[in-house]
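The values are calculated or read from the model by the stated rules, or taken from the named source; none is laboratory data. Since the structure is predicted, the reported quantities are computational estimates derived from the model, not experimental observations. Using ideal geometry, Cβ is built from the backbone for each residue, glycine included, and neighbour counts are taken over all protein chains shown. In case anyone asks, the SASA skips ligands and DNA or RNA and just uses the protein heavy atoms, side chains included. Shrake-Rupley method; radii C 1.70, N 1.55, O 1.52, S 1.80 Å.
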Amino acid sequence: MVQLTINGIKVNAEEGMTVLEAAKSVGISIPTLCHLKNLDPTGACRICVVEIEGFKGLTPSCAYPVTEGMVVTTDSPRVRKARKTIVELLIENHPQDCLICVRNKNCELQDLSEQYGVREHRYVGETKCHAIDISSASMERDPAKCILCGRCVRVCHEVQKIGAIDFTKRGFTSIVTTPYNKGLNVSDCILCGQCILVCPTAALREKSSIKEVANALYDRKKYCIAQVAPAVRASLGEEYNMPLGTDVTGLLVTGLRRLGFKKVFDTNFAADLTIMEEATELINRIQNGGSLPMFTSCCPGWIKYVEMNRPEVLDHISTCKSPHEMEGAVLKSYYAKKMGIDPADIYVVSIMPCTVKKYESNRAELSADAMPDVDAVLTTRELVRFFKTAGIDFNDLPESEFDNPLGESTGAAAIFGTSGGVMEAALRTAYFKITGTELEHLEFEEIRGMAGIKEATVKIGDLDVSIAVVNGIGNVGPILDEVQNGTSKHHFIEVMACPGGCINGGGQPIHQKPEKVAKRVKALYKIDENAKTRRSHENESVITLYREFFGEPNSHKAHEILHTEYFDKRKIFKN
Amino acid sequence: MHSKIFESYQPNDRSALIPLLQDVQNIYGYLPENALRDISDFVKVPLSRVYGVATFYNQFRLTPLGENIIRVCRGTACHVKNSANILFALETELGITAGQTTRDKKFTLEVVNCIGACSIAPVILVNDDYHGRITVKDIPKILKKYQTVKKTETAEVMK
């Protein structure tokens, strides 16, 4: 323990703590910009400077460790002046377009400007001028709004280990960009959107589909159907000041109906369907000697990563489409036929916590007769904006239920939104399929939580099934090496590109605190616990779907509609 | 052509990045994109970071040099003697900005901080020739001289 004084308060801090952390532990807040929790400090922005007795200059508190007897002042005229100057200089080299900015009222630069009372332009000079990169289907990059804090760079390199963007050039011309300043669409980017979540301004943002969805909703010929991903219901409430981890399913359904969607279905239905297909595929591979281990295919970011970097393992990936694509495909085949609607008139909109899903919905192979399975994808953040535009007061909405038959789901589907969830859901069904008896204890605690790689062995009948869950694409490297060397002992591996799973996806409400993610996860596990049925094979609508349409899991028809293929894209991206 | 340079380095060693970049530049006179990709694979550093390092340091260039290199001194003495105008005139005359190469690959225009010839300010250096106390009017004449001149040594290295 180290004892120090901060603003006259005696603080007992652990050795190795930074001044910033010590101050926070006693309720003293110091502003930060470049700081990211759990990553090494860079001390780049200097907004966190404090005065330390005996030091000549100001010290960045995010990078300076506490020492015995240290006397720190976090708020003095000198500190305030320094911070204000930093904010003023940043603002002067930033577009003055807050009124029409997508991050208006949700911008850290704006907050700091308010906090330090910036009321005039004191430094007028040359401002940087960069083109917006709209090349990718999921994201936009607006370097003119970048304040060079480097958080996106560190998330991309250190957390996700992709390294698609970095600082280039120097001084006034310095810019965070891709190699050769090319479009994100031809870079190493997997479009996971983790950089959007940490961006303090609007330099990184999703590509909005609100306009095209609104146009479809006003088009009388179109039969608009919405579907909602599991992770959205656990996070949307945050944007309406509800407590963290509030389940807003009922409100969400009403809200979407009021936007004009004819039907509101649940992606969880398709999650159950995915489990039926994926568990059957896994059992087939184990019993008939297919490529093992098998990887999950729910995460399009993960798929994009493999196609660009490790095409050698493509045959290890389950051929199942991701749940929302399955839902779309079923809507435009089974449901259209059943209801007598022309599939060409159906417009499927997915509400997703994910930016990559936008790219995924554009993939040519995820379509039938030149009609995409899913027509548009809205992220959680876009939906909030759409509600605002449509004058829907979310907090005061009555609750309502999903439409049927594609709205019914089990608890197993709800946990798809969190890391380890797909695995858990698949095991529940695989157990039944192999042994013919139901699993008694449904919770697999070993594969829950935020660890990077979670491994376990599950005894199913006579078979010891070895499983692994990769939480965040940054942790997938060693697992992939094992698979390529043929030394992998696993049978089934789940990979989610975002740390924590979809619940922390790139389309979720902007946040900076990891504890928020944990609360969202709890909401999903609670939905599972309280669900009437908790195993995908018990979903009555799914059973009916198989009886009326597909026959059985992995049937020829199911393969045609619910499965897809992957391509070696290394040549496109690495040359 | 540059595959030999990797022989003297350990793979996956990040600290070899800058020496490797220097070696590649010694071969080609600049850093071609495919060489950066090979270096990125060799040292296991993302291409974005390799590119970041290559654009950070002034010693590295990403485009081939022209036959003649014009270095405009923008040091203090030359600045006082209106070297900003000289630079502007050169840019206008060549139709490029500092750091670029003309389309016919004849001239590369660069800015340097001081070439240590303050007594003859404002000064420009074309290849190895100093042109001191010049005015804007002298520029077309100087350029014309090098339009027809044979390839210089610097250009020879590149071949």
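When each of A:Ser208, A:Ser138, A:Ser113 is tested for being more than 11 Å from every other protein chain (Cβ to nearest Cβ) and open to solvent by less than 10 Å² (accessible area, probe 1.4 Å), the lone residue that passes is A:Ser138. Pairing each residue of the range A:432-447 that is assigned by TED's automatic domain parsing to the domain that holds A:Pro499 and of a type in the set (Ser, Thr, Tyr) with any residue that is surrounded by 14 or more Cβ atoms within 10 Å (Cβ to Cβ) and not in a loop (DSSP other than H, G, I, E, B), provided the two are 6+ apart or on different chains, yields C-beta distances under 7 Å for A:Thr435/A:Ile460. Can you tell me which residue is surrounded by the most Cβ atoms within 10 Å (Cβ to Cβ) among those in the range A:426-447 that are assigned to a helix (DSSP H, G or I) and of a type in the set (Asp, Glu)? Restricting to residues being assigned to a helix (DSSP H, G or I) and of a type in the set (Asp, Glu), the top hit is A:Glu446. All of (1) of a type outside the set (A, V, I, L, M, F, W, C); (2) open to solvent by 40 Å² or more (accessible area, probe 1.4 Å); (3) under 30 Å from A:Glu158 (Cα atoms); (4) within 14 Å of another protein chain (Cβ to nearest Cβ) hold for B:Asp23 with one exception: (4).
Checked against the criterion of being touching a strand residue (DSSP E or B) at 6+ places or on another chain (Cβ under 8 Å), of a type in the set (Ser, Thr, Tyr) and outside the structural domain of A:Ser174 (by TED's automatic domain parsing), the candidates A:Thr32, A:Thr42, A:Thr67, A:Thr85 yield just one match: A:Thr67. Out of A:Val483, A:Val517, A:Val465, one residue alone is within 16 Å of A:Ala451 (Cβ to Cβ) and open to solvent by less than 60 Å² (accessible area, probe 1.4 Å). It is A:Val517.
Would you check which residues across the range A:91-110 are exposed (fewer than 12 other Cβ atoms within 10 Å of the Cβ) and either in a loop (DSSP other than H, G, I, E, B) or on the phi > 0 side of the Ramachandran plot (or both) and list them?
If the condition is that a residue be exposed (fewer than 12 other Cβ atoms within 10 Å of the Cβ) and either in a loop (DSSP other than H, G, I, E, B) or on the phi > 0 side of the Ramachandran plot (or both), then A:Gln96, A:Asp97, A:Lys105 are the ones that fit.
Pick from the range A:155-182 the residues that are in a strand (DSSP E or B) and of a type in the set (Ser, Thr, Tyr): which of them is nearest to the other protein chains (Cβ to nearest Cβ)?
Out of the qualifying residues, it is A:Thr168.
Taking the numbered list (1) more than 19 Å from A:Ile415 (Cα to Cα); (2) open to solvent by 10 Å² or more (accessible area, probe 1.4 Å) in turn, A:Pro230 passes all entries but (1). For the range A:370-380, taking the residues that are open to solvent by 40 Å² or more (accessible area, probe 1.4 Å) and either part of a helix (DSSP H, G or I) or out of contact with any Ser or Thr (no Cβ under 9 Å at 6 or more places or on another chain) (or both), the one that is farthest from A:Asn106 (Cα to Cα) is identified as A:Ala370.
A residue that is basic (Lys, Arg) and open to solvent by less than 40 Å² (accessible area, probe 1.4 Å) occurs somewhere in the range A:381-389.
What residue, among those in the range A:233-276 that are surrounded by 23 or more Cβ atoms within 10 Å (Cβ to Cβ) and among the charged types (D, E, K, R), is nearest to A:Gly407 (Cα to Cα)? Residue satisfying both the conditions and the ranking: A:Asp266. Would it be correct to say that B:Pro11 is open to solvent by 40 Å² or more (accessible area, probe 1.4 Å), within 21 Å of the chain's Cα centre (by Cα) and more than 12 Å from chain A (Cβ to nearest Cβ)? No, not satisfied. Annotation for the range B:79-93: no member residue is at pLDDT 90 or above, open to solvent by 10 Å² or more (accessible area, probe 1.4 Å), within 14 Å of chain A (Cβ to nearest Cβ) and in a helix (DSSP H, G or I).
Of A:Asp396, A:Asp403, all but one fail to be crowded, with 18+ Cβ neighbours inside 10 Å and more than 14 Å from A:Glu494 (Cα to Cα); the exception is A:Asp403. Among the residues of this structure, B:Ile115 counts as one that is over 22 Å from A:Lys169 (Cβ atoms), assigned to a loop (DSSP other than H, G, I, E, B) and either in contact with a Ser or Thr (Cβ under 7 Å, 6 or more places away or on another chain) or not small (Gly, Ala, Ser) (or both). Of all the numbered requirements in (1) within 24 Å of A:Gly260 (Cβ to Cβ); (2) within 21 Å of the chain's Cα centre (by Cα); (3) surrounded by fewer than 24 Cβ atoms within 10 Å (Cβ to Cβ), A:Asn309 misses one, and that requirement is (1).
For the range A:142-151, the criterion of a residue being outside any helix (DSSP H, G or I), within 12 Å of chain B (Cβ to nearest Cβ), small (Gly, Ala, Ser) and at negative phi is satisfied by no position. For the range A:275-294, indicate whether the set of residues that are under 24 Å from A:Gly193 (Cβ atoms) and outside any loop (DSSP other than H, G, I, E, B) is non-empty. Checking the range A:275-294: not a single residue is under 24 Å from A:Gly193 (Cβ atoms) and outside any loop (DSSP other than H, G, I, E, B). Looking at the range B:29-40 only, could you name the residues that are open to solvent by 40 Å² or more (accessible area, probe 1.4 Å) and either at the interface with chain A (Cβ under 9 Å from one of its Cβ atoms) or in contact with a helix residue (DSSP H, G or I) (Cβ under 7 Å, 6 or more places away or on another chain) (or both)? Result: B:Glu33, B:Asn34, B:Arg37. For the range A:540-571, a residue qualifies if it is among the β-branched types (Val, Ile, Thr), surrounded by fewer than 15 Cβ atoms within 10 Å (Cβ to Cβ) and in contact (Cβ under 8 Å) with a residue 24 or more places away in the chain, and exactly one does: A:Thr544. I'd like to check something: does the range A:530-539 contain any residue that is among the acidic types (Asp, Glu), surrounded by fewer than 21 Cβ atoms within 10 Å (Cβ to Cβ), touching a residue at least 60 places away in the same chain (Cβ under 8 Å) and assigned to a helix (DSSP H, G or I)? Yes, the range A:530-539 contains at least one residue that is among the acidic types (Asp, Glu), surrounded by fewer than 21 Cβ atoms within 10 Å (Cβ to Cβ), touching a residue at least 60 places away in the same chain (Cβ under 8 Å) and assigned to a helix (DSSP H, G or I).
Is there a residue in the range A:190-200 that is open to solvent by less than 60 Å² (accessible area, probe 1.4 Å), farther than 27 Å from A:Thr254 by Cα and within 14 Å of chain B (Cβ to nearest Cβ)? Yes, there is a match, as at least one residue in the range A:190-200 is open to solvent by less than 60 Å² (accessible area, probe 1.4 Å), farther than 27 Å from A:Thr254 by Cα and within 14 Å of chain B (Cβ to nearest Cβ).
When the range A:183-219 is filtered for residues that are assigned to a helix (DSSP H, G or I), in contact with a Ser or Thr (Cβ under 7 Å, 6 or more places away or on another chain) and not aliphatic (A, V, I, L, M), only A:Asn185 remains.
Restricting attention to the range B:45-65, the residues that are at the interface with chain A (Cβ under 8 Å from one of its Cβ atoms) and in a helix (DSSP H, G or I) add up to 8.
Has the range A:448-457 got any residue that is open to solvent by 10 Å² or more (accessible area, probe 1.4 Å) and in contact with a His (Cβ under 8 Å, 6 or more places away or on another chain)? Taking every residue of the range A:448-457 in turn, at least one turns out to be open to solvent by 10 Å² or more (accessible area, probe 1.4 Å) and in contact with a His (Cβ under 8 Å, 6 or more places away or on another chain). Exactly one residue out of A:Asn475, A:Asn404 is of a type in the set (S, T, N, Q) and modelled with pLDDT of 90 or more, and it is A:Asn475.
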